[in-house]
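S.K.: One structure follows; several queries about it will come next.
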Amino acid sequence: MILETLTDIKYFLILVSLVLLTFANALYILEIANYPTARVYSDTKLDPPAEDDSSTTIGRLIQRAYNNTFVDSVVNQYLLGLGEFQYDAFESNPSAPLIWTLFLLSTFLT
């Protein structure tokens with residue numbers, strides 16, 4: 001009975017997994033694109049590299065859980081699908097309109 005149910009929903013699970021990975025990859029790319037050589041000094045902030053003259057600090061889009069940014073982005077998207085909204089760092093990011101668009105699309109698709 002359980003195996004029959006799992007067999008019946010395998011295509012749905014594949015589709016949900018692809019949607020989660022798609023949005024996780026988008027946030028992962030946006031996370032590393034702002035400061036590709038930045039070092040993480042805390043769980044909530046990315047400080048710009050030393051050669052950058054700006055003294056601004058951007059908030060992390062993806063909260064750390066496993067010390068692997070891509071795995072953390074997948075977990076972030078899974079939690080978003082469950083209703084855990086973490087949008088505190090969106091406004092401090094230079095790509096805020098794109099991030100909000102991805103957030104809204106992900107909210108409705110997952």
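Yes or no, residue by residue, for (1) in contact (Cβ under 8 Å) with a residue 40 or more places away in the chain; (2) more than 18 Å from residue 22 (Cα to Cα); (3) part of a loop (DSSP other than H, G, I, E, B):
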{"residue": "77", "(1), (2), (3)": "yes, no, no"}
{"residue": "81", "(1), (2), (3)": "yes, no, no"}
{"residue": "90", "(1), (2), (3)": "no, yes, yes"}
{"residue": "94", "(1), (2), (3)": "yes, yes, yes"}
{"residue": "98", "(1), (2), (3)": "yes, no, no"}
{"residue": "101", "(1), (2), (3)": "no, no, no"}
{"residue": "105", "(1), (2), (3)": "yes, no, no"}
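S.K.: How many of the residues in the range 8-31 are farther than 11 Å from residue 69 by Cα, in a helix (DSSP H, G or I) and either in contact (Cβ under 8 Å) with a residue 24 or more places away in the chain or not aromatic (Phe, Trp, Tyr) (or both)?
M.R.: From the range 8-31, those farther than 11 Å from residue 69 by Cα are 8-23, 26, 30; that's our starting set.
Narrowing the set further to residues that are in a helix (DSSP H, G or I) leaves 8, 10-23, 26, 30.
Next, from what is left, pick out any that are either in contact (Cβ under 8 Å) with a residue 24 or more places away in the chain or not aromatic (Phe, Trp, Tyr) (or both): 8, 10, 13-23, 26, 30.
Of the residues in that region, 15 qualify.
Coordinate-derived values only; no laboratory data. For clarity, every value in this text was computed on a predicted model and none was experimentally measured. When we count neighbours, we look across all protein chains shown, and the Cβ atoms used for this are built from the backbone with ideal geometry, even at glycine.
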